[in-house]
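The values are calculated or read from the model by the stated rules, or taken from the named source; none is laboratory data. Since this is a predicted model, take the numbers as computed values, not measurements. Glycine gets a Cβ as well: all are built from the backbone with ideal geometry, and neighbour counts include every protein chain shown. What goes into the accessible areas is simple: the full protein's heavy atoms, side chains included, and nothing from ligands, DNA or RNA. Shrake-Rupley method; radii C 1.70, N 1.55, O 1.52, S 1.80 Å.
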Amino acid sequence: MIQHPALVNLVICSGEPAGIGPEVSIAAALAFLQEQSAATITLLGDPSVFSASDIPAELAARLKIESIATSVPAFAGQLNPANAQYVLNILDVASKGCLDGRFDAMVTAPLQKSVINDGVVPGNTLFTGHTEYLATLCNQDHVVMMLCATLPAGFLRLQKSRDLRVALVTTHLPLREVPDALTREHILETIQIVDQDLRAKFGIAQPAIRVAGLNPHAGESGYLGREEIEVIAPAIQAAQDLGILVSGPYPGDTMFDAGALERVDAFIAMYHDQGLAPFKFVSFGGGVNVTLGLPIIRTSVDHGTALDIAGKGLADSGSMLEALRLAYQLAVNMKNIKNLKT
């Protein structure tokens, strides 16, 4: 892929105003623009939560703060449900901007799900996270959460640096509800979405995908559960019949072996902690969350609001910087693919 395309316009949603989102957003934006000249960034949020004076004059033309007012004043570390709609307003503006072509990709800082659920009008649908909310905004029935991180050469004896990507069949569900949520159709659609977006957004010609089982030892031939036999394996076979390079189901505790990292482009886990526990253990806090299956590009940090250190100058903006880098590269990839087709 060409590395230096036309200007890429990114938008950052600064997230929960009482958390570390605003400070990591502006810090990462400045660092990114200093290393990448072919980009602009629009930072969405109430100006009061940013230190706008920290923006150097030479970057002011490429980093703009677009004001979206909080409902009530925000204070670092102090959650207030009155600002729940403010956080959603930011997501609405960014999503519309991407759908309309104003922005090439959106990057989101962490929000606080509990505050949004406490602050919305009673009777509204439960807010379960960015991924599900953006799916609704973009009129998509099925989207996929995928975490990405670059593992350095030498780690786990890797011969060269390698991208680790972990996607999820189910996301924010109580564990007792996961088996009922696993259907052949849903798993097949997840595999298809991962395959399609690795091709269309990541520029991988024929992605190699591994899929986990649900039960210990991938069900032990039915003795520890039959989901692998009756649901997961048939979905994998259906995907293979469509020409997708996918294999499994693998036991969750051995799917992520070091040798597989050299040749697998994405791993698909059945539930949240099955995939994200090993991912976060090896990603050194530099992971990036990508939502697959959307008509837009969305990346995000892989951490929370960190209320205990908000406003104290202690927050690490590394994950936000990686999210900006990946959003930029995905936008470049899609621009180049579009140019090749025209």
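Side notes on the structure shown:
- Figure note: His142, His186 ranked by solvent-accessible area, largest first, 1.4 Å probe, ligands and nucleic acids not counted: His186, His142.
- In terms of its C-alpha gyration tensor, segment 147-210 has an oblate overall shape, because the principal axis ratio a/c (a ≥ b ≥ c, square roots of the eigenvalues) is not below 1.5 and a/b does not outweigh b/c.
- Charging the Cβ of each Asp and Glu at -1 and of each Lys and Arg at +1, and nothing else, the dipole of segment 1-119 about its Cα centre rounds to 140 debye.
- Within the assembled protein chains, the solvent-accessible surface assigned to Thr171 is about 30 Å², based on a 1.4 Å probe.
- Proximal lysines relative to Lys64, as straight alpha-carbon distance under 21 Å, when same-chain residues fewer than 8 apart are discounted: Lys96
- For the chain, with +1 on Lys and Arg beta carbons and -1 on Asp and Glu, the positive-most of Val194, Phe75, Gly311 along the dipole: Val194
- Accessible surface of the chain [probe 1.4 Å, protein heavy atoms]: carbon and sulfur percent: 53
- Label-point separation in nm, Asp273 to Ala57, each point 7 Å along Cα→Cβ: 5.4
- Point-to-point label distance, Leu156-Ser37, nm (Cα→Cβ direction, 7 Å offset): 3.8
- For the chain, calculated [θ]222 nm from helices alone, where every DSSP H run of n ≥ 4 adds -39500 (n - 2.57): -10500 deg cm²/dmol
- Sorting Ser114, Ser319 by solvent-accessible area of protein heavy atoms yields Ser114, Ser319, largest first, with a 1.4 Å probe.
- Exposure rank, largest accessible area first [Arg162, Arg226; 1.4 Å]: Arg226, Arg162
- If only the Cβ of Lys and Arg carry +1 and only the Cβ of Asp and Glu carry -1, the dipole of the chain around its Cα centre is close to 880 debye.
- Accessible surface, per residue, of the chain when the full set of protein chains is kept, probe 1.4 Å, Å²: 44
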